[in-house]
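Novice: The structure that follows is given in the form of structure tokens.
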Amino acid sequence: MEDRAKRVMASVFGVDVARIGADASAQTVEQWDSLRHMNLVVALEEEFRVRFTDQQIDELLSLRLIVLTLKELGAKE
Amino acid sequence: MSEISYGELLRRNRELEATLEGKRLKIALLSNVVVAQLKEILEYSLRSCGVNAQVELGDYDNVVQDSARFAGHDVVALFWEPCNFIDGLHYRAALMGADELAALRERLFGELDLTLGNLRLTPLVLFNRFSTLLFNCHELRDTALDRLCRDLNHRLEERAGANLLAVDVDRVIAQVSVAGSVEWRSFHSVRAPYRVEFLRAYAEHVSPALLSLAGRARKALIFDCDNTLWEGVLGEDGEEGIAMSAQTRQGRPFAEVQGIAKALGRDGVVLGLCSKNNPQDVDRVLTTHGDMTLRDEDLVVKRVNWADKVTNLQDIADTLNIGLDSLVFVDDSNFEIGLVRERLPEVVTLHVPATRYDYPALMRRLRVLFFTLSRSSEDAAKTRMYREEAQRQQAASSFASIEDYLRSLGLSLTLHVNDAGLVPRMAQLTQKTNQFNLTTRRYTEADVQRFLAGGAHLVLAFRVADRFGDYGITGLAIVEHAPGAQRARIDTLLMSCRVLGRNVERALFDRLVADLTARGARVLEAEYVRTTKNAQVEDLFDRFGLRVTEASDERKRYQLNLAGYAPAGIDYIEVMESDGRQG
């Protein structure tokens, strides 16, 4: 799941997937602005077939939180 | 647009940005809500068509000032949403008094006039008509918001210049559904009302206008004839047997397609034919058949012959002096469509559906490819111009090698030797086959039974299949030959036109020669008997290397010394016998 999430993030932010480390977050990835955050939400929802609440969207600010939230929502590996 | 995931779209769009060259198409996207995701979606939809588009976003809710700032772009697209004329207008309008609403309307009229004035010299303005559909789709009566939008749309229509295209977003929403278009979650958090699904449909909806501006609109619509302009096969069913009358169930879809095509022709689209048929037969239908909507004078180019369609389409493009990427080709055959898609991927193809009632709707959907921004009187004259040009040129036909394509088809030929179970079908083939039929001898089931029982004939029915499917028993050879005899004679050789163009006849003939040799034959006799419909096979035996022994207007007789036969050795058709034994 983490690898798939990384690939989605790489597509959305336009960076090499190797640049998305385990502790990637809105602080460490400079391309992670509010506009791309919207894109990230749509791309993650499509990829993992889930729907985030608006509360969750505000909190999806790192790879760890993304993976945690996806698991909470029962997304498939 | 192909249905790739949104993440994939973002990735590919970035790749295309890095690789595309050529003139930039600069598009500004102005809005009073957030539609930022349309930037990449619209870019991708155009870049994947080879247009080097660049979308720039205006500031949030700053349409009037931005219209001055971006007026120099090639295109300005506007999302000016009533729900945000003032914050929450979609529900506040119902609470406002008449005076308040009138004042708002006057203010908006002023802003609209200013905006349109600023954009009057921009080459293309895509202005979404004001819509309330996301909020009011369940209402029985028009609301205050509806009335306001109606007034604004009226004003827009009055003041719009020729460079403005008023986009009816309701049509886009209708394609996606209201629930599938709106995203309340982001509407309430960041004033982004539209889902990506809507934005993708919007990009697809407006792209014909942008492609037209970039000079990428399609220019020519080329039809096959049989089962494409009419139901049925002219060479088999005859003029009376084909259907394109608006008065019959079979004919109606074809009458409608012809009508759509004719209207396109009047708008300047070049219409043409690319069909394997006898040209005189098709010309007679075009000039005299009472059910035809399309007439000879509507058609600019005609390639009605027995050459392959790749060669003919290339020839058509050369004759009209347009690119292959300007062509749209319509045909009912999987084989022909597959061939064109593989060899000429620039050509857009439409495969006539087996469910004929769906055909006109598909044609209407395709029609947008010909959308042009300018609708001048020159368009109608263009047909005549192209036509004259086409008549001047008598392009030499060249033969493309289609072997690679045939190789990819996985063709197989299954032989049924003296198979009594196929008597009805074999008799039917002799009765119905006209075009690929060397002698056109009609036999009843009893006749065929006699051939099988008499022991002096080799009766060979064959089945053709490829990766598109099984065409069934589509050919027949009846050869007079008593086992051990030196002389053999081809009585009948025929094939359904559904399997033409695959070199099946040659593979069959190779096999026939081998089988007859094994049965002790030394000399094979054959003949071609001319009818009004079988001109396409008049030189078949000449091409196979048989020697002409006698020739007149009505018939040609041939002889072949079997030992001297040079097989074509076609390796891409698997020949089998019906018990599965490979040969």
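Novice: Can you confirm whether region B:123-141 contains a residue that is at pLDDT 95 or above and touching a Gly at 6+ places or on another chain (Cβ under 9 Å)?
Specialist: Yes, that holds for at least one residue.
Novice: Please specify each residue of region B:516-533 satisfying the condition of being outside any loop (DSSP other than H, G, I, E, B) and touching a residue at least 60 places away in the same chain (Cβ under 8 Å). Walk me through how you get there before you give the answer.
Specialist: Restricting attention to region B:516-533, the residues satisfying the condition of being outside any loop (DSSP other than H, G, I, E, B) are B:516-518, B:523-529.
Those that are outside any loop (DSSP other than H, G, I, E, B) and touching a residue at least 60 places away in the same chain (Cβ under 8 Å): B:A526, B:E527, B:Y528, B:V529.
Novice: Please enumerate the residues belonging to region A:8-28 that are among the hydrophobic types (A, V, I, L, M, F, W, C), more than 10 Å from every other protein chain (Cβ to nearest Cβ) and closer than 20 Å to A:D58 by Cβ.
Specialist: Passing the criteria: A:A24, A:A26.
Novice: Taking the residues in region A:29-68 that are outside any helix (DSSP H, G or I) and aromatic (F, W, Y) as candidates, determine which candidate is farthest from the other protein chains (Cβ to nearest Cβ). Walk me through how you get there before you give the answer.
Specialist: So in region A:29-68, the residues outside any helix (DSSP H, G or I) come out as A:29-33, A:49-53, A:60-62.
So of that shortlist, the ones also aromatic (F, W, Y) come out as A:32, A:52.
On the way: A:W32: 14, A:F52: 8 Å.
Per the criteria, the residue is A:W32.
Novice: Of all residues in region B:260-293 being of a type in the set (A, V, I, L, M) and in contact with a strand residue (DSSP E or B) (Cβ under 7 Å, 6 or more places away or on another chain), which is nearest to B:V330 (Cα to Cα)? Explain how you work it out, then say what you get.
Specialist: Initial filter on region B:260-293 (of a type in the set (A, V, I, L, M)): B:260-261, B:263-264, B:269-271, B:273, B:282, B:285-286, B:292.
Those still in the list that are in contact with a strand residue (DSSP E or B) (Cβ under 7 Å, 6 or more places away or on another chain) too: B:261, B:264, B:269-271, B:273, B:282.
On the way: B:A261: 11, B:L264: 14, B:V269: 14, B:V270: 14, B:L271: 11, B:L273: 9, B:V282: 17 Å.
My answer is B:L273.
Novice: Based on what the data block shows, is B:A246 surrounded by fewer than 21 Cβ atoms within 10 Å (Cβ to Cβ) and either among the aliphatic types (A, V, I, L, M) or touching a Ser or Thr at 6+ places or on another chain (Cβ under 6 Å) (or both)? Break it down stepwise before answering.
Specialist: Working: surrounded by fewer than 21 Cβ atoms within 10 Å (Cβ to Cβ): yes; either among the aliphatic types (A, V, I, L, M) or touching a Ser or Thr at 6+ places or on another chain (Cβ under 6 Å) (or both): yes.
Criteria met by B:A246.
Novice: Follow-up question, since we're still on this one. Which of the residues spanning region B:500-518 are among the small types (G, A, S) and crowded, with 22+ Cβ neighbours inside 10 Å? Let's see the steps before the verdict.
Specialist: Step one: of region B:500-518, the residues among the small types (G, A, S) are B:501, B:507, B:514, B:518.
Scanning region B:500-518 gives a single hit, B:A507.
One line per residue, one yes/no per condition, for (1) within 30 Å of B:G22 (Cβ to Cβ); (2) assigned to a loop (DSSP other than H, G, I, E, B); (3) aliphatic (A, V, I, L, M):
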site: B:A201; (1), (2), (3): yes, no, yes
site: B:H205; (1), (2), (3): yes, no, no
site: B:R218; (1), (2), (3): yes, yes, no
site: B:A246; (1), (2), (3): no, yes, yes
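Novice: Can you tell me how many residues within region B:316-325 are surrounded by fewer than 21 Cβ atoms within 10 Å (Cβ to Cβ) and either in contact with a Ser or Thr (Cβ under 9 Å, 6 or more places away or on another chain) or in contact (Cβ under 8 Å) with a residue 60 or more places away in the chain (or both)?
Specialist: Quick first cut of region B:316-325, residues surrounded by fewer than 21 Cβ atoms within 10 Å (Cβ to Cβ) only: B:318-319, B:321-325.
From the residues that got through so far, the ones that are either in contact with a Ser or Thr (Cβ under 9 Å, 6 or more places away or on another chain) or in contact (Cβ under 8 Å) with a residue 60 or more places away in the chain (or both) too are B:318-319, B:321-322, B:325.
The total comes to 5.
Novice: Could you list, in sequence order, the residues of region A:44-71 that are without any contact (Cβ under 8 Å) to a residue 40 or more places away in the chain, over 9 Å from the mean Cα position of the chain (by Cα) and under 19 Å from A:S25 (Cα atoms)?
Specialist: Passing the criteria: A:E45, A:F52, A:D54, A:Q55, A:Q56, A:I57, A:D58, A:E59, A:L68, A:T69.
Novice: Counting only residues that are within 14 Å of another protein chain (Cβ to nearest Cβ) and either crowded, with 17+ Cβ neighbours inside 10 Å or of a type outside the set (D, E, K, R) (or both), give me the strands (runs of 3 or more DSSP E) lying completely in region B:1-84 with at least 3 of them.
Specialist: Values: elements: B:24-31, B:52-60, B:75-79.
Filter on region B:1-84 gives B:52-60.
Novice: Follow-up. Say we look at region B:137-180 and pick out the residues that are in a helix (DSSP H, G or I) and among the basic types (K, R); which of these is farthest from B:L116 (Cα to Cα)? So that I can check it myself, show each step before the final result.
Specialist: Taking region B:137-180 first, the residues in a helix (DSSP H, G or I) are B:144-159, B:169-176, B:178-180.
Then drop every residue that is not among the basic types (K, R), which leaves B:147, B:150, B:155, B:159, B:171.
Numbers: B:R147: 21, B:R150: 17, B:R155: 11, B:R159: 7, B:R171: 23 Å.
Per the criteria, the residue is B:R171.
Novice: Might you let me know whether region B:197-206 holds any residue that is farther than 19 Å from B:V347 by Cα, basic (K, R) and more than 14 Å from chain A (Cβ to nearest Cβ)? Quick ask: steps written out before the conclusion?
Specialist: Applying the first criterion (farther than 19 Å from B:V347 by Cα) to region B:197-206 yields B:197-203, B:205-206.
Checking which are basic (K, R) leaves us with B:200.
In the following step, the residues that additionally are more than 14 Å from chain A (Cβ to nearest Cβ) were identified as none.
No, region B:197-206 has no match at all.
Novice: Among the residues of region B:534-555, are any touching a strand residue (DSSP E or B) at 6+ places or on another chain (Cβ under 9 Å), assigned to a strand (DSSP E or B) and either among the basic types (K, R) or surrounded by 15 or more Cβ atoms within 10 Å (Cβ to Cβ) (or both)? Working first, answer last.
Specialist: Initial filter on region B:534-555 (touching a strand residue (DSSP E or B) at 6+ places or on another chain (Cβ under 9 Å)): B:534, B:536-542, B:544-551, B:554-555.
Filter again for assigned to a strand (DSSP E or B), leaving B:547-551, B:555.
Going one step further and asking which of them are either among the basic types (K, R) or surrounded by 15 or more Cβ atoms within 10 Å (Cβ to Cβ) (or both), we end up with B:547, B:555.
Within region B:534-555 (the criterion being touching a strand residue (DSSP E or B) at 6+ places or on another chain (Cβ under 9 Å), assigned to a strand (DSSP E or B) and either among the basic types (K, R) or surrounded by 15 or more Cβ atoms within 10 Å (Cβ to Cβ) (or both)), the answer is yes, since at least one residue qualifies.
Novice: Now for a different question. Please go through region A:1-20 and pick out each residue that is of a type outside the set (V, I, T), part of a loop (DSSP other than H, G, I, E, B) and in contact (Cβ under 8 Å) with a residue 12 or more places away in the chain. Let's see the steps before the verdict.
Specialist: Restricting attention to region A:1-20, the residues satisfying the condition of being of a type outside the set (V, I, T) are A:1-7, A:9-11, A:13-14, A:16, A:18-19.
Those still in the list that are part of a loop (DSSP other than H, G, I, E, B) too: A:1, A:14, A:16.
Within region A:1-20, A:M1, A:G14 qualify.
The values are calculated or read from the model by the stated rules, or taken from the named source; none is laboratory data. Since the model is a prediction, treat every value here as computed from it, not as a measurement. Here the Cβ is made from the backbone with ideal geometry for all residues, glycine too, and neighbour counts use every protein chain on show.
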